[in-house]
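These notes are about the structure you will find just below.
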Amino acid sequence: MKVISHRGNLIGSVPELENSPGYIEKALEAGFDVEIDVWMERGAWKLGHDYPEHDTTMEFISQKGLFLHAKNLEALVALLSTDLHYFWH
């Protein structure tokens, strides 16, 4: 069985920290895989649930253990050419 952290949360929802790089790193360091929300805005990667909130990089989102939820079409198109774990709905 694999337990996956949702947006970096480990024990309940903490909306003000969700999808922030430091919060995601803590979940990865604790041994969890993490589902995160990724956006691409004018060629730049961002993290955030309802809107692009935190700047990030391809290097960050390419870390082992991340499941990327493409939040906009630009992010999905950019992810199509990678071998990363991503989804869109």
Centroid-to-centroid separation of region 19-39 and region 62-89 [C-alpha atoms, Å] = 14 Å
Putting +1 on Lys and Arg Cβ atoms and -1 on Asp and Glu Cβ atoms, find which of Thr82, Phe67, Ala30 reaches farthest to the positive end of the dipole of region 15-89.
-> Thr82
Surface share of carbon and sulfur [accessible, 1.4 angstrom probe, percent] for region 19-89 = 54 percent
So what is the calculated 222 nm ellipticity per residue for the chain, using -39500 (n - 2.57) for each DSSP H run with n of 4 or more, over all residues, to the nearest 500 deg cm²/dmol?
-> -5500 deg cm²/dmol
Listed peptides 32-44, 3-15 by packing density, highest first (mean Cβ within 10 Å) = 32-44, 3-15
Result for the chain: accessible area per residue, probe 1.4 angstrom, in square angstrom, of 60 Å²
Can you give me the relative contact order of the chain as a percent, contacts being Cα pairs under 8 Å and 6 or more apart?
-> 24 percent
Starting from the Cα-Cα distance between Leu80 and Tyr51, subtract it from 0.36 nm times their residue separation and give me the gain in nm to one decimal.
-> 8.3 nm
Starting from the Cα coordinates of the chain, work out the convex hull volume and express it per residue in Å³.
-> 100 Å³
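The values are calculated or read from the model by the stated rules, or taken from the named source; none is laboratory data. Owing to the predicted nature of the structure, the values given are computational and were not obtained by experimental measurement. Ideal geometry is used to build each Cβ from the backbone, glycine not excepted, and the neighbour counts take in all protein chains shown. What goes into the accessible areas is simple: the full protein's heavy atoms, side chains included, and nothing from ligands, DNA or RNA. Shrake-Rupley method; radii C 1.70, N 1.55, O 1.52, S 1.80 Å.
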